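Remarks on the structure that follows.
Throughout, read-outs are computed from the coordinates displayed, never taken from laboratory work. Given the structure is predicted, the values throughout are model-derived calculations rather than measurements. Methodologically, a virtual Cβ is constructed for each residue, glycine included, from the backbone with ideal geometry; neighbour enumeration extends over all protein chains shown.
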Amino acid sequence: MTIAPVVARGKKRPTESIDDQSMLPNSGKGGRAGFWLYLIPGFVLFTVVILIPLVWNIFLSFTEWRGIKPPEFIGLDNWIELSQDAKFWTSFGNSIAMIVAMVIVPTLLGLLLAAMLFDLVGKKFGGRVASFLRATYYLPQILPVAVAAIVIGWILRPENGALNTVLEAVGLGDLQHNWLGSPDTALLSIMFVMVWVQLGYPVVIFMAALQRVDPELYEAAELDGANWLQRFRWITVSIIRPEIFVVTLTCTIAALKVFGPIYTLTRGGPGTSTIVPSYYSYSEFFQNQQVGYGATIATALTVVIVVLTIVFIKAQNRAERAEGNR
Amino acid sequence: MTATIAPELSVAEPEHPLKLRQRKTRRTVGDWLILAAAIVFGALIAAPFVIILINSFKSPADYATSGPLTLPSNLYFDGIAAFWERVNFPEKLWNSFFISGMVAILAVLISVFNAFAIGIGRVKGRTWIIILFLLANMLPQEALLYPLYYMFKQVGLYDNVWSVIIIFTVIQSAFGTYLLSSVYGTFPKEILEAASLDGASRWQILWRVIVPISRPTLAVLVIFFFIWTWNEFLIPLTFLVSNANQTVPVSIAVLQGDRLMDVTTTSASALLGLIPTLIFFLIFQRTLTRGITAGAVK
């Protein structure tokens, strides 16, 4: 259940620049500065729980540390090792598979389903049917992701698992497989779990966004002879583009952070076939006691996420400006 | 198009426009086909829940003979009971409940303080403060994991539910600060001025005016923080190592693949893991589906 934090963008907050003073001018001591008192608890906690650990973790990426004796500074050695570490690159490759499963497939499918529910089902069969179906699609999103993984993992069990039994029953016994236990299908199985979990999120967001679309626009386009697909492409998608950006960004970040399903279902295996950066760093921290190297992986992941976020927000601003000039 | 969320949280039902337009057009065969497709798709998504439900009440022998898709030949509660006792499920429920509840309350409290200074007080550099807080929300938790682990070990809070409560209070309040600041930024000025003229201090205005008026938004935040914290995995897994402190998702996950877990007991464990969140969903369905768009661009 991710919610999209969107950074407030400059020009859109006129109140800030025009009215740059407290809304409570006459009460309390110390004027506007007095409000800093209220930020103290938040800042102290933020510093202790986020800032110090973050800086410390970056520092650790330049050290060799097994968690007991003080860390030993080794310069860029971890980073050089990382750049040549096949396991690390495999883990990033698997992250791309997670992006396919958590961003690309759910966004495209979610667009289609949201348009279908809103446009056809909602209008012709009533809003109640549409919201019931929406709730059904959303159902897997409410589960703790580790539990969601267990649910699907149970169905994919190798001996007498539900999927294999069904395949046998319908005469496709040849397709039976140790889904999570073989290198060729383990990643696909995890991707399947993630699509199932993630799909409801774009559907709900897009359906809310579609409320904004003016029905008259559709009617006008219809009169001009535009078919459903054209209307979908030129009206729906362009109007809800901000939401598409938000969904893509938040889901991409979530995809890069996936940990729970890997931990519960495969522990990165068989071999390294389902390893992801977050699980790799976790196992370096707590199984191999290579804290410095684990910190390097975690720092690399952080850098990727921060850079991606900046690029996304810039691209979105540019797209919005282009839209404004049209 | 600002990134404000405030209206989304208070504005009318989203279903509204759908209802207004429902009887306008005639239904064709194609419409029925699309409805059928949407329903089949929904059934596919719901299928794993149903499969888990029916198999949690089967004996392993029953499962072996009749497979996963039939209803149990007679109701068998031993799998659920076995798992319930094995992990001492009420204790795990309480841990999850206590952690999530404390985080929800504390994180909303911190968010209110922060947002009061940023949204109402409009302190200098507030945009940067908000970006800083958002950072906490974006970061992969792995990047904080080992230092936090080391720090909490040093102060003796490792393997203590309070370590998890403190960490998630900060992470959740980071999002809460972002959201509430924009809500408070549009707070009706006349009300604040009236209270101020009546001689109320800042502290009084915050508690007697601002908090009561923004209560609906705060309630949404409490629900979100509760459920998000309930669903967290990596940090509870790392910090709560002894059985007595584990949360529901962690206690279930660590037992997967255990050789004492037969096939229907495993199914029962998944069932017990999903029931609490299913209950939350049923209670808060409206708030959740309405508020889930909270972060989306308006």
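Quick rundown of the values:
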{"read-out": "Residue order, fewest to most surrounding Cβ atoms within 10 angstrom, among B:S242, B:S196, A:S238, B:S56", "value": "B:S242, A:S238, B:S196, B:S56"}
{"read-out": "Point-charge dipole on Cβ atoms (K/R +1, D/E -1) for chain A, about Cα centre, debye to 20", "value": "840 debye"}
{"read-out": "Three-way shape label, the stretch A:87-325, alpha-carbon gyration tensor, a/c 1.5", "value": "oblate"}
{"read-out": "Sequence of B:I210, A:I239, A:I96, A:I155 once ranked by neighbouring C-beta atoms within 10 Å, starting from the fewest", "value": "A:I96, A:I239, B:I210, A:I155"}
{"read-out": "Between the stretch A:250-326 and the stretch B:209-269, the Cα center-to-center distance that results, in Å", "value": "22 Å"}
{"read-out": "Virtual spin-label span in nm between B:E85 and A:I52, 7 Å along Cα→Cβ", "value": "4.6 nm"}
{"read-out": "Nitroxide proxy distance, nm - points 7 Å out along Cα→Cβ at A:A86 and A:T272", "value": "0.7 nm"}
{"read-out": "CD proxy at 222 nm, helix term only [per DSSP H run n ≥ 4: -39500 (n - 2.57); per residue of the protein assembly as shown; nearest 500]", "value": "-20000 deg cm²/dmol"}
{"read-out": "Using a Förster distance of 41 Å, the FRET efficiency for B:A244-A:A169 (Cβ separation, nearest 0.05)", "value": "0.40"}
{"read-out": "At q = 0.13, 0.15 Å⁻¹, base-10 log of I(q)/I(0) for the stretch B:88-254 (Debye sum, equal scatterers on each alpha carbon)", "value": "-0.68, -0.84"}
{"read-out": "Lys/Arg +1, Asp/Glu -1 at C-beta; the protein assembly as shown dipole; positive extreme among B:G199, A:I240, B:F233", "value": "B:G199"}
{"read-out": "In the stretch B:22-62, trypsin sites (Lys or Arg not before Pro) in a DSSP loop with at most 12 other beta-carbon atoms within 10 Å", "value": "B:R23, B:K24, B:R26, B:R27"}
{"read-out": "Per-residue mean of C-beta atoms belonging to partner chains within 10 Å, peptide B:82-93", "value": "0"}
{"read-out": "Cα gyration tensor shape of the protein assembly as shown, rounded if a/c is under 1.5, else prolate or oblate by comparing a/b with b/c", "value": "oblate"}
{"read-out": "B:R86, B:R208, A:R134 arranged by Cβ crowding within 10 Å, fewest neighbours leading", "value": "B:R208, B:R86, A:R134"}
{"read-out": "Cβ-Cβ FRET estimate between A:D214 and B:A194, R0 fixed at 45 Å, reported to 0.05", "value": "0.70"}
{"read-out": "Number of partner chain Cβ atoms within 10 Å, mean per residue of B:228-235", "value": "5"}
{"read-out": "Prolate/oblate/rounded call for chain B, Cα gyration tensor, a/c under 1.5 rounded", "value": "oblate"}
{"read-out": "Chain lengthening between A:I96 and A:E222 when straightened (0.36 nm per residue, less Cα-Cα)", "value": "41.4 nm"}
